[in-house]
Structures are given as structure tokens and as C-alpha cells.
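A.B. asks: I'd like to ask some things about the structure below.
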Amino acid sequence: MAEVKFVEASRIYPGSDEPAVDRLNLDIGDGELLVLVGPSGSGKSTALRMLAGLEWIDSGSVHINDKDVTLSPPQDRDIAMVFQNYALYPSMTVAQNMGFALKQQGVPKQERTKQVREAARILDLEPYLDRKPKNLSGGQRQRVAMGRAIVRSPQVFLMDEPLSNLDAKLRVQTRTELADLQARLGVTTVYVTHDQVEALTMGHRVAVLNFGVLQQVDSPSILYSRPKNRFVAGFIGSPAMNLIDVDVSGDSVLQVAGLDIPLSPEVAAALKTSGPGKYSVGLRPEHMDIGTEGIAGEVAVVEELGSESFVHVSTIHQGEPLLMEVRAEGQTKIKRGDNVHVAVRGPAHLFGPDGERVGD
Amino acid sequence: MQVVDPSSSEERSDTISEAPSIQRSEEAKKLQKREAWSRRIPLLPALIFLIAVTQIPFILSIFYSLTEWTVNPPRDRTFEGFENYTFAFGDRFFREAAWVTAKMTFWSVVLSVIFGLGMAMLLDRKFRGVGFVRTLVLTPFLVMPIVASLVWKTQMFDASFGMINWFTGLLGAEPYEFVSKRPLWSIIGVLVWQWTPFMMLILLAGLQSQSTSVLEAARVDGATKWGIFRQITLPHLRNYIELCGLLGAIYLIQVFDHIIGLSGGVSSARNLPFFVYRTSIGGGWRFGEASAYSIIVVVITIIFATFGLRVLSGLLEGEDAA
Amino acid sequence: MSQSTDVADFGSNRFASALLTAFTYLLGIIFFFPVAWMVLNSFKTEDEASGSPVFFFEPTLDQFRLVTSDIAGRASFSEVYTNSFFVVLLSTAIVMILAIPAAFALSVRPIAKWRDVLFFFISTKFLPVVAGILPVYIIGRELDLLNTRWSLVIMYTALNLPLAVWMLRSFFQEVPGELIEAARIDGASLRSQLTSIVLPIVAPGLAATALLCFIFAWNEFFLSLQLNTSDAQTASVWVTGFQSQRENFIARLSAASTLAVLPVVIAGWIAQKRMIRGLAMGAIK
């Protein structure tokens, strides 16, 4: 049973005005793969390092399995970490790299070899046990870094952007293997990435951070369908949601470029309650269609991907030019300069003047 | 495997009370302190050793400098306050020695940096035997300074048998007594011969640490060889040149072997360290005066070094930022 | 790291390029000439060495025999050489033992006041040894260390320690911080971090630093002259015994000089590449 709790945990770097991590509260369940995601500077790596014991916790606390580890050094927390650049010891072989922590704990050689071999078997590293890191490919090094973590059978895995240094194809492949491995081993894992696609595909739950503050933590599908604020809405989903500023007047009717936007009853009621102001409407490209009805506009750019295409349509909204991205079928006949109409098919998200979600 | 209910958002944990956090911060402070001390310990042996060996003599020097203490003829040591210092500033020989030090240090540093840069550029090229030539050029730095001075005095500079005069004699010139006619420049010559390789090594590394992509971009942009050198290479080398100057000055202010070796210490080319030595156990036996002189030398060096340290800080600062 | 950036290259002009190479060779020969001449002279007879320069002669080992034989009233060559090796090797070893932990404390997870400490280390070189010899001499006399090898061991250690700490520190800086963090998480103590992780990575830098200390200590003259008379004489002082005011024993002096500089020159040649990396990389940052 390895649960992880952050309680009002903060970290502020000396000489800095803003905290890097601001009163983080996060509960992670046993065996869960929780992803910390956010843009650079969001504090996700700092939060991970606070859990690892590599950063001081200036206020608040961190708990592993109900034990307060805030003041414990890294080696006493029973954690293992995979670094972005793998941090393999260059003067040691793969086997020695993987056995290093066990050696520090005083595990006898025979036992060490056994555990190293077992971890190597899981990761297909057996042929490389006697090689040094410089003689390994990037993907192999990544697996050694994983192996080093697995061998210790820790309570928590910490991973700091472990796939960022792999080429795109290898990254996608390793992603699946990693998620599968975590599910098999069942070890609680905290995983940091800046890539929201990685976050959504791997995480049981995903925690979105911005400027050190936790924005929302939920399952991927809820993050996608019910983003709590404008930031999360614009961050999650690829390509990004169209966020359109709308001045709502007294009659609480929502219009984009002259088109009435359908709202669910709860959202409409909530809008009526909040009253007029500057709102943001969120429309996902995949919830819009190019057709004969809807907002009139001109095609500015067509991105053809084969399986689908994304059309950027230029139109006028509230007197200002507006560019919207709409998903269309693959191998589309639409081309630049065409005059088209954009219809809104799916749910519209609404965010208030404070950026918070309006409605449920 | 148990996973937290996916439909919940983040929840505030209220099972941990607030009171322990006050205790915790005191504990945390103690822990931080202990950790900081454990990091200091590896430094201590070196630090203690150096303080003992260098500061005790320094403090003694300060003490002696405040006394009148001569040994030849032996007299009692009496406390004189700052008299030695006021004497020093008025002493013509002291001022001359200071001036010689300035000239000697300045020219040997500047010339060896310039020649070092030239050699580094020549050796930065690819050609057969570049390593061999580098070895040849490196050798003067490895030679014992006292030996270098003796060899130059007897075999190079010598008016009757020296190789320089032999060579110029082939061109029809009269033999020239380098050491007796130009003692300061003879010394500077040998110093430059020995220190150019040192500067060359540092500057060669500087040249080779340039980013090839930057140089290639400049060439594509149409810059001339000279333009590239002036606008890209030289600014890049700035840190290296400053380091050469700093290290060179530290070592070249203290020249002694060459003065003894080339001129026996009897010519006009005597720098401050030599002058101080001569005043104390090198023949003058005026210990009080000599100690005052040496303290003045330290103060002067500190002034110049603080200026040079701003350079150093720039290097160290750049490190923090990197 | 030895890619040429070809800044001074004349590129496509092959003739100019060849000319430049020839010029470089010429400079190399000129630089090396005094050393070569000295070595040459040590194989000549005194007649051949003095007077007009002689380039072709029959080499003889007489001079070497002369300087290495025991001369009355003078320290023997083997004694002197042994003294030099003892003092230099021991002081270099002590320097490394003291400097490695110190550099570690100033780099990998630096103490708060590391800049001040570094400045202090360098500042100990601000008082020229030549000027500060008096108290050193007096203390040496009081502690009965004059005319022993220990006085030099202590002094050479103090002279080389600042440079060693400075150079080693910048080598340690090149170790990626992540490696140390991984070691910490793996449970390595400070000592273990140093010995298992850092030292293997910076091994070439260690060699370069030790070599530089060796060079500076072996070539040191002033302290050896002042603190020791005949009993613990080192090679540097020994050589000066072969000058004379009356006659120019050039061949003899050359032979003695060649023997005195031999260890350092050979060491420098062999470890050249490491020393280049050391002097440059080490000293820069």
C-alpha cells in the first residue's frame, strides 16, 4: 500500500517573489499512475523533486504511506527516480548501474546479481549487462534507467520526463510499454511531462499545473470533457480548443460571428445567473463541421494529415477578425481561399470573466 | 490495485493537523544546519593546513614590520610603529623596484599572451606533425626556470659565445652584450620564452571550444577571415585571455630565479620581491624594514587582484547563470 | 576535442597553406632551439662547447660522468635526485589528498560561502614567497626543520594547494548534477558519491592537476636554496653549483642541466594532451 499525499506543500526559491509550487494538495492512490503536466515553469518538476527529497519543502508536508517524509533525505524515502537524461553512471556497466543502490544498502553480491538479472529480464536488457552506457543507444539507456528504478522495488516510482529524449516514433512505442509495465508491477507512479498527449494516454489521473498552482486533477476523459478553467481547456486536447472571447449582454444569448451557440440547460441557467460580462466560449475543432450552414468565413490554411485534416477558417466576430480551427475529413477537397460555412455540432464550453467554468 | 474514484476532483486533506508544522520548521532548521555542516567537513583539512602554513608567517610579518630590527650589526629589536612604512614610501630604491616590477610583469604577460595567441592560431590548423610542433613549443614551459636562465645567459646571450650573437654575426652585426646592456629586457625575453607556451595552451583550448556551427554560419553570411576573427573569435576568447592575464600576473610578479640566473641580482633589473629579499636575509639583514616592504607588496597585490577579481567574478557569475 | 577550427587557415590557397605550415615548423624549431642546444652541448667536450659553435662533433658521455660522480664538498647526484623525487612526489600526493575533498565541497553541492573560500585560496599566493621568506625561515629554524626534506614538502604543498583546488573544482563542475542526484536517491553517502561516481569521471583531470603540481614543485628554486643547505638539496640548487665565475664550464653545466630538467620534460611530453585539457578546461571555469 503506497499512497502519496502532498499537503499544502510549497516551495519558493531564495530570491524569488513567486513560489515555484504554491500550496499543492494532491492525493495519489496505491498503484495509481498520476501524471503531472503543465507548460515549462509550471512547477511540475519541482513538485516531483519535492517528493523525491531533492528540493526543500518550505511549508506544508509530503507523506508516503501516512509517514511524514518531509524531513527525510532521499535515500530514506524508499523511492526510485528516472531522470530525463537518464543519469546513468558512465564509469559502470549496466549491471553495476542497476545494482548500485542495492550495494549502498549492503545487499550481498549474490542477491544483488539475482535481482539485477530479474529486472534485466523484464526489460530485455540481458544482452547488455556488461556494456557501459556510452555503448548503448538512446532507447537502451532509457531502459537501463528504468531497470535501475525497478530493481529497488520501491514504494513509489518518480519519472521526470523519461521519454523526452527519444525520437518521436520510439517515444510512442515506449509509452505503451511503460504504461503496461506500470500496470503489471502495480507500483504507485508519479510521472512528469510537458506533452499533454503523453499525459492523457498514460495517466490514470492527470494533474494540470500552471505557475505553481494546481488547476485540476481528474481522469483524462473528464479533463477533456469538463475542463475546470480556461487554461485547462486550452491546454488539454490536440489540436487546441478554439477559445473565443464573447461579450455577453443582458439577454444572455451567446453568439459567435453571428451564429447562436447551443448551450446545455445547466450552462444556460448558470449564464443567466452570472449575468452580462466578458466570457470565453470553447469549441473543439472536432466538434465543428464544415458544411453549408453556420458561420461564414474564408479558408486561410488547410493542414492535411491523411487520416483527417484541419482547416483554419477566417471570419469576423464582434467586429474583429477571428481564426478558427475545424476538423474535416482526410484528403479533403477544401482548399485555401474557399468560402465555407462552419457549423457547431458538439457541446460548447463556457468560461466566465474569471476564467472559471460556467455550468456543471 | 486500487485507484481513487475518477469522478472526484482534488480534495483537501483534513486528517493532518496544523500544529505539527510549527515544530516541523524548527526540526527542519536543525536538519538544514546539520546538512550544511556535513558538506563543509571535506573542505576543512585543506583549509586548516593552508591557514596554518600561510597566515602564521603573514601575521609574524606584520608584527616584525612594526619593529626596528637589524641583525648586522646585531641590535635589539625595538617597537617603532609605522616608521618602516613611511621610510619605505620615501625610499628611492623601493620606488625603483616597484617600477621595475610593473614593467617586468606587464611586458612579460602582454607579450606572452600575444605570442601565445599567434602560436595558438598557427597550431589550430590541421597539418602533418601538428602534435610534434606543439610538443616543441611546449618544452620551454617545462624547463626549470633557473636552468633556463643559466642556459640563456651562457649559451644564448653571451657576448663571445652566445648563439644569438653568432647568428647576427653571420649577418655582419657586431656582438652585443645583451645581459649587461639590457638586463631588464633580457629577463623579459626569457620569461616570454617560457610563458608563451602556457598562454598558448589555454588559448588553443579557447580556439577549439568555439562552436563550429557559429563559424560556419558566419562564413555562409559572407564574413571574411579577418572579420570572423575580430567579431566572433576574439569576443569568445575574452574569458580565456583574461584568465591568462590573471594567472600570468600571479606567477610573474614573483619572478626570482631569472633575476639571479641571468644577472646574478646585481644589475638594475630588480623587482620588488627580489628587493625585499635582498633587504632581509639576502644581505641587508634589515628585518623590520623588509617586513614592512613585504606587507606593502601584499597590499598592492590585493588592490590589483580585487580589480582582477571582478574579472574572476564575471567568470564565476557566468557559471551560476549557466 | 581536437577539432581544428581553422581560423587562420587560408582555405583553398594551397601554396599559402603550405607556407604557413613551414612557418609554423620554423617557429617550433626556434622555440625549441635553446633546449636542443643545451642538450647538444652536454655531449661535447669543454673545448667544443666554448668558442665558436660547433655543430658536428663526436658525442661523449664524459660530462655526464663528471657531474654524476661524487665530488668532495658537494652533494652527490643520486642524493640530490632522490631528494627531489621524494619532496616532489610526497608533496604532490599530499596536495591531491587535501585538494580532492576540498574541491568536492566547493563544487558538487557547494557550501554557502564557496566564492569567499576560493578567493582565500588564491589570495595565499599574493604574498610572494621571496618577500615573505623571513618569517618562514625563522619558524623553520625554531621547529628544527631547516635543512630537512620536510620543510620543502610542507612549503610545496602550500604553494600548489590553491592551484590544485581551483583546477579540480572546475573538473568536478563538469559532472552532471543529475548524476549526483541519482546517487543520492540510490542512497550513496557523500564519500561514496565522491569515490564511486565523481572520481572515475574526472580521472583525466586528476592526472593533469597532479602533473602540474609535479612540474611546479620540481622546478622550484628559491625555497630550496633558502631553507636547505647541503643535506636536503634538490636538483634545482644542485645545478647552480656548476656555474663558476672564473671559467665557463659550459659542457658540464649543460650536462647537469639536462639531467635536472629531464624528468619534467619527459613527463610533460607524455602527458601533453592531458595537460592541455587540464590547463585549459580546468582553468577556464
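The values are calculated or read from the model by the stated rules, or taken from the named source; none is laboratory data. Here the structure is a predicted model, which means the values were calculated and not measured. Note that we place each Cβ from the backbone using ideal geometry, even for glycine, and neighbour counts take in every protein chain shown.
A.B. asks: Which residue is surrounded by the fewest Cβ atoms within 10 Å (Cβ to Cβ), if the candidates are limited to segment C:138-180 and must be among the aliphatic types (A, V, I, L, M) and within 14 Å of chain A (Cβ to nearest Cβ)?
C.D. replies: Of segment C:138-180, the ones among the aliphatic types (A, V, I, L, M) are C:138-139, C:143, C:145-146, C:152-155, C:158-159, C:161, C:163-165, C:167-168, C:175, C:179-180.
If we keep only those that are within 14 Å of chain A (Cβ to nearest Cβ) too, we end up with C:175, C:179-180.
On the way: C:VAL175: 19, C:LEU179: 21, C:ILE180: 21.
Here the residue is C:VAL175.
A.B. asks: Oh, and also: Got a sec? Which of C:ILE122, C:ILE133, C:ILE111, C:ILE97 is modelled with pLDDT of 90 or more and within 14 Å of chain B (Cβ to nearest Cβ)? Walk me through it before giving the result.
C.D. replies: Working: C:ILE122 fails: modelled with pLDDT of 90 or more; C:ILE133 fails: modelled with pLDDT of 90 or more; C:ILE111 fails: modelled with pLDDT of 90 or more.
The unique qualifying residue is C:ILE97.
A.B. asks: Pairs under 7 Å by beta carbon, first residue in contact (Cβ under 8 Å) with a residue 12 or more places away in the chain in segment A:74-98, partner aromatic (Phe, Trp, Tyr) and assigned to a strand (DSSP E or B), six or more apart or different chains?
C.D. replies: A:ALA80/A:PHE157
A.B. asks: Among the residues that make up segment B:267-290, is at least one of them of a type in the set (S, T, N, Q), touching a residue at least 60 places away in the same chain (Cβ under 8 Å) and part of a helix (DSSP H, G or I)? Explain how you work it out, then say what you get.
C.D. replies: First, pick out the residues of segment B:267-290 that are of a type in the set (S, T, N, Q): B:267-268, B:271, B:279-280.
Checking which are touching a residue at least 60 places away in the same chain (Cβ under 8 Å) leaves us with B:267-268, B:271.
After this cut, where a residue has to be part of a helix (DSSP H, G or I) as well, the list is none.
Checked against the condition, which is being of a type in the set (S, T, N, Q), touching a residue at least 60 places away in the same chain (Cβ under 8 Å) and part of a helix (DSSP H, G or I), segment B:267-290 yields no hits at all.
A.B. asks: Could you say which residue among A:ARG336, A:ARG284, A:ARG357, A:ARG345 is under 30 Å from the mean Cα position of the chain (by Cα), surrounded by fewer than 18 Cβ atoms within 10 Å (Cβ to Cβ) and among the basic types (Lys, Arg)? Steps first, answer last, please.
C.D. replies: On the way: A:ARG336 fails: under 30 Å from the mean Cα position of the chain (by Cα); A:ARG284 fails: surrounded by fewer than 18 Cβ atoms within 10 Å (Cβ to Cβ); A:ARG357 fails: surrounded by fewer than 18 Cβ atoms within 10 Å (Cβ to Cβ).
Checking each option against the conditions leaves just A:ARG345.
A.B. asks: A further question follows. Got a sec? Which of C:THR157, C:THR195 is without any contact (Cβ under 8 Å) to a residue 24 or more places away in the chain and of a type in the set (Val, Ile, Thr)? Break it down into steps so the answer makes sense when it comes.
C.D. replies: Numbers: C:THR157 fails: without any contact (Cβ under 8 Å) to a residue 24 or more places away in the chain.
After ruling out the rest, the residue left standing is C:THR195.
A.B. asks: Where in segment B:47-124 are there helices (runs of 4 or more DSSP H), lying fully within it, with 1 or more residues that are at pLDDT below 85 and surrounded by 14 or more Cβ atoms within 10 Å (Cβ to Cβ)?
C.D. replies: B:56-65, B:83-90
A.B. asks: Only one of A:SER16, A:SER61 is part of a loop (DSSP other than H, G, I, E, B) and surrounded by fewer than 21 Cβ atoms within 10 Å (Cβ to Cβ). Can you tell me which?
C.D. replies: A:SER16
A.B. asks: Here is a further query. From the residues in segment C:181-192 that are surrounded by fewer than 21 Cβ atoms within 10 Å (Cβ to Cβ) and of a type outside the set (D, E, K, R), which one is nearest to the other protein chains (Cβ to nearest Cβ)?
C.D. replies: Ranking the qualifying residues of segment C:181-192, first place goes to C:GLY187.
A.B. asks: Can I ask one more? Can you confirm whether segment A:113-121 contains a residue that is at pLDDT below 90 and closer than 23 Å to C:THR195 by Cα? Please lay out each step first, then the result.
C.D. replies: Taking segment A:113-121 and keeping what is at pLDDT below 90, we get none.
There is no residue in segment A:113-121 that is at pLDDT below 90 and closer than 23 Å to C:THR195 by Cα.
A.B. asks: Is one or more of the residues making up segment A:88-102 in contact with a strand residue (DSSP E or B) (Cβ under 7 Å, 6 or more places away or on another chain), closer than 24 Å to A:HIS194 by Cα and surrounded by 22 or more Cβ atoms within 10 Å (Cβ to Cβ)?
C.D. replies: Start the filter on segment A:88-102 by keeping residues that are in contact with a strand residue (DSSP E or B) (Cβ under 7 Å, 6 or more places away or on another chain), which leaves none.
Scanning segment A:88-102, I find no residue that is in contact with a strand residue (DSSP E or B) (Cβ under 7 Å, 6 or more places away or on another chain), closer than 24 Å to A:HIS194 by Cα and surrounded by 22 or more Cβ atoms within 10 Å (Cβ to Cβ), so the answer is no.
A.B. asks: When segment A:149-186 is examined, which residues are found to be within 14 Å of chain B (Cβ to nearest Cβ) and either free of Cβ contacts under 8 Å to residues at least 12 places away in the same chain or in a helix (DSSP H, G or I) (or both)?
C.D. replies: Correct list: A:ALA179, A:ASP180, A:LEU181, A:GLN182, A:ALA183, A:ARG184, A:LEU185.
A.B. asks: Checking B:VAL255 against (1) assigned to a helix (DSSP H, G or I); (2) crowded, with 16+ Cβ neighbours inside 10 Å; (3) more than 8 Å from chain C (Cβ to nearest Cβ), which test does it fail?
C.D. replies: All conditions pass for B:VAL255, except number (1).
A.B. asks: Another one. Among the residues of segment C:20-51 satisfying the criterion of being more than 7 Å from every other protein chain (Cβ to nearest Cβ) and small (Gly, Ala, Ser), which is surrounded by the fewest Cβ atoms within 10 Å (Cβ to Cβ)?
C.D. replies: Taking the candidates together, the pick is C:ALA22.
A.B. asks: Restricting to segment A:7-39, and then to whatever is over 20 Å from A:THR201 (Cα atoms) and among the small types (Gly, Ala, Ser), can you tell me which residue is modelled with the lowest pLDDT?
C.D. replies: Our first condition is that a residue be over 20 Å from A:THR201 (Cα atoms); within segment A:7-39, this holds for A:7-27.
Keeping just the survivors that are among the small types (Gly, Ala, Ser) gives A:9-10, A:15-16, A:20.
Numbers: A:ALA9: 93, A:SER10: 92, A:GLY15: 82, A:SER16: 86, A:ALA20: 93.
By that ranking, first place goes to A:GLY15.
A.B. asks: Looking at (1) under 25 Å from the mean Cα position of the chain (by Cα); (2) assigned to a helix (DSSP H, G or I); (3) of a type in the set (Gly, Ala, Ser), can you tell me which one A:ALA101 breaks?
C.D. replies: (1)
A.B. asks: Still on this model: Looking at the structure I just gave you, is A:LEU323 under 31 Å from the mean Cα position of the chain (by Cα) and exposed (fewer than 15 other Cβ atoms within 10 Å of the Cβ)?
C.D. replies: The answer is yes for A:LEU323.
A.B. asks: Does C:THR240 count as of a type in the set (Ser, Thr, Tyr), touching a residue at least 60 places away in the same chain (Cβ under 8 Å) and assigned by TED's automatic domain parsing to the domain that holds C:VAL175? So that I can check it myself, show each step before the final result.
C.D. replies: Details: of a type in the set (Ser, Thr, Tyr): yes; touching a residue at least 60 places away in the same chain (Cβ under 8 Å): no; assigned by TED's automatic domain parsing to the domain that holds C:VAL175: yes.
So C:THR240 does not fit the description; no.
A.B. asks: Would you check which residues across segment C:54-92 are among the acidic types (Asp, Glu) and under 30 Å from C:LEU161 (Cβ atoms) and list them? Outline the logic, then answer.
C.D. replies: Start the filter on segment C:54-92 by keeping residues that are among the acidic types (Asp, Glu), which leaves C:58, C:62, C:70, C:79.
Once the filter is applied, which keeps residues that are among the acidic types (Asp, Glu) and under 30 Å from C:LEU161 (Cβ atoms), segment C:54-92 yields only C:GLU79.
A.B. asks: Mind listing whichever residues of segment A:104-148 are in contact (Cβ under 8 Å) with a residue 12 or more places away in the chain, closer than 24 Å to A:ILE79 by Cβ and not in a helix (DSSP H, G or I)?
C.D. replies: Those that are in contact (Cβ under 8 Å) with a residue 12 or more places away in the chain, closer than 24 Å to A:ILE79 by Cβ and not in a helix (DSSP H, G or I): A:LEU123, A:LEU125.
A.B. asks: Okay, moving on. Applying the selection to segment A:9-54, what residues are within 12 Å of chain B (Cβ to nearest Cβ) and among the acidic types (Asp, Glu)?
C.D. replies: A:ASP27, A:ASP30, A:GLU32
A.B. asks: A further question on this structure: Of the conditions (1) in a strand (DSSP E or B); (2) surrounded by 19 or more Cβ atoms within 10 Å (Cβ to Cβ), A:ASN25 fails just one. Which one is it?
C.D. replies: Condition not satisfied by A:ASN25: (2).
A.B. asks: Does segment C:82-127 hold any residues that are hydroxyl-bearing (Ser, Thr, Tyr), over 30 Å from B:ILE300 (Cβ atoms) and touching a Ser or Thr at 6+ places or on another chain (Cβ under 9 Å), and which are they?
C.D. replies: Keep residues of segment C:82-127 that are hydroxyl-bearing (Ser, Thr, Tyr), which gives C:82, C:84, C:91-92, C:107, C:123-124.
Narrowing further to those that are over 30 Å from B:ILE300 (Cβ atoms): C:82, C:84, C:92, C:107.
Once the filter is applied, which keeps residues that are hydroxyl-bearing (Ser, Thr, Tyr), over 30 Å from B:ILE300 (Cβ atoms) and touching a Ser or Thr at 6+ places or on another chain (Cβ under 9 Å), segment C:82-127 yields C:SER84, C:THR92, C:SER107.
Matching residues to (1) over 25 Å from the mean Cα position of the chain (by Cα); (2) closer than 30 Å to C:ARG191 by Cα:
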site: C:LEU106; (1), (2): no, yes
site: C:PRO110; (1), (2): yes, yes
site: C:LYS125; (1), (2): no, yes
site: C:VAL130; (1), (2): no, no
site: C:LEU145; (1), (2): no, no
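A.B. asks: Let me ask you something else. Does A:GLU325 qualify as being touching a residue at least 24 places away in the same chain (Cβ under 8 Å), among the charged types (D, E, K, R) and more than 25 Å from A:TYR224 (Cβ to Cβ)?
C.D. replies: no
A.B. asks: Regarding segment A:315-336, can at least one residue be identified that is small (Gly, Ala, Ser) and within 24 Å of A:LEU223 (Cα to Cα)?
C.D. replies: Step one: filter segment A:315-336 for residues small (Gly, Ala, Ser), giving A:319, A:328, A:330.
Still in the list and also within 24 Å of A:LEU223 (Cα to Cα): A:328.
Yes - at least one qualifying residue is present in segment A:315-336.
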